[in-house]
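Let me begin by presenting the structure, written as structure tokens, before commenting on it.
The values are calculated or read from the model by the stated rules, or taken from the named source; none is laboratory data. None of these values were measured; they are calculated from a predicted model. Cβ placement follows ideal geometry from the backbone for every residue including glycine, while neighbour counts extend to all protein chains displayed.
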Amino acid sequence: MAAYPEVRFLTSANKLGQLPPDTGVEVAVVGRSNAGKSSAINAVTQRKGLARTSKSPGATRLLNFFELQAGRRLVDLPGYGFARVAGEMRAHWGTLLTGYFGKRESLRGTIVVMDVRHPLTDHDQDMLQLATSRDLPVHILLTKADKLGRGAAGNALQGVRRKLPRDGLVTVQLFSAHSGDGVQEARGALEKLLDGKRIKETPAGPVDPAGANQPGIGG
């Protein structure tokens, strides 16, 4: 049985006034263009083609709202860091995202998608700062972990963990939509965020990209 058998596209918004009613709970998903955000959404929801995937970065131009269950939503935000997008459009996105994170009361947390081979870029750091501006939890998916060997992926995970705040507000895991590694853990993290609970990580140690040391989902 699918993880979210009732999942459906709800609406898109290009302005704050177009957002759906600010009721229920939702989790935003955001990431640098070409980091695998749409593929991650499709893998976590077990719905192929739910989020648009493209070989051309920057395919997501709007805030796309998906209803997972009644009163529980996932929001696909525009990809950032895409150089070919005109400056006017980038400025519009910045205003839109700043307003969304600052005013959306139903927002319970954010999933930030980063390519495991190029994590914590300046754009990623800016997004983490914006996503945590209201002290809401953030969970990082280090995508495309199948592109690295086991040791290299583990080292990348630990390197990111060392650079994150120690307050537990931001957590991180390895993820691969292609191989399925980390998908179940990411789905559990999504559910915790929707429930308004923080995600507990296992202690640092040797990391298995297939899940031997993925974040534990605690209460």
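Tabulated values for the structure
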item	result
Complete set of residues in the stretch 150-196 that are of a type in the set (S, T, N, Q) and in contact with a strand residue (DSSP E or B) (Cβ under 8 Å, 6 or more places away or on another chain)	T171, Q173, S176
Candidate set: the stretch 8-57, residues that are assigned to a strand (DSSP E or B) and touching a helix residue (DSSP H, G or I) at 6+ places or on another chain (Cβ under 7 Å); chosen: the one surrounded by the fewest Cβ atoms within 10 Å (Cβ to Cβ)	V25
Search result, residues across the stretch 92-125 that are within 16 Å of L164 (Cβ to Cβ) and among the hydroxyl-bearing types (S, T, Y)	T110, T121
Single residue of the stretch 117-171 satisfying the filter (part of a strand (DSSP E or B) and touching a residue at least 40 places away in the same chain (Cβ under 8 Å)) that is surrounded by the most Cβ atoms within 10 Å (Cβ to Cβ)	L141
Test for A70: is it crowded, with 22+ Cβ neighbours inside 10 Å and modelled with pLDDT of 85 or more	no
Qualifying residue in the stretch 75-97 (condition: under 19 Å from V25 (Cα atoms), at pLDDT 95 or above and not charged (D, E, K, R))	yes
Boolean, L107 is more than 17 Å from F175 (Cβ to Cβ), surrounded by fewer than 20 Cβ atoms within 10 Å (Cβ to Cβ) and in contact with a Leu (Cβ under 7 Å, 6 or more places away or on another chain)	no
Residues of the stretch 198-218 classified as more than 16 Å from the chain's Cα centre (by Cα) and either basic (K, R) or at pLDDT 85 or above (or both), total	1
